[in-house]
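This report concerns only the one structure given below.
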């Protein structure tokens with residue numbers, strides 16, 4: 001079912017822009033964040049931030065979006081799951097994810 005939804009989303013994006021977006025490898029993102037983050041980060045923390053990030057990222061195609069929008073979405077997700085995670089750490093992780101996306105040409 002997820003494959004069908006993902007395919008439909010890619011087709012929708014292709015129709016809108018004429019280009020198919022690159023598939024983002026979660027392990028590459030995680031490795032990038034781990035390399036540049038100066039704070040300890042558990043797998044669960046990364047997964048929770050990533051979920052909040054993706055919820056906003058995946059539903060913002062064709063919209064003007066800045067890093068603060070994504071940080072707010074990640075924060076709201078962490079609140080919804082009652083995560084006590086340090087929000088400064090969350091913001092730094094989001095910044096690093098965006099930096100990675102900029103390096104691969106998916107964010108500017």
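We did not get these values from a lab; they are worked out from the coordinates using the rules stated. These figures come from a predicted structure and were not determined experimentally. No Cβ is skipped: glycine too gets one built from the backbone with ideal geometry, and neighbour counts run over all protein chains shown.
Points worth noting:
- Förster radius 30 Å - calculated FRET efficiency between residue 103 and residue 68, Cβ distance, rounded to 0.05: 0.90
- Directionally averaged projected area (convex hull, Cα atoms, segment 24-103), nm²: 5.0
- Each of the peptides 64-74, 43-53 was scored by the mean count of other Cβ atoms within 10 Å over its residues; in descending order, highest first, they stand as 43-53, 64-74.
- Peptides 78-86, 30-38 ordered by packing proxy, namely the average of other Cβ atoms within 10 Å per residue, highest first: 30-38, 78-86.
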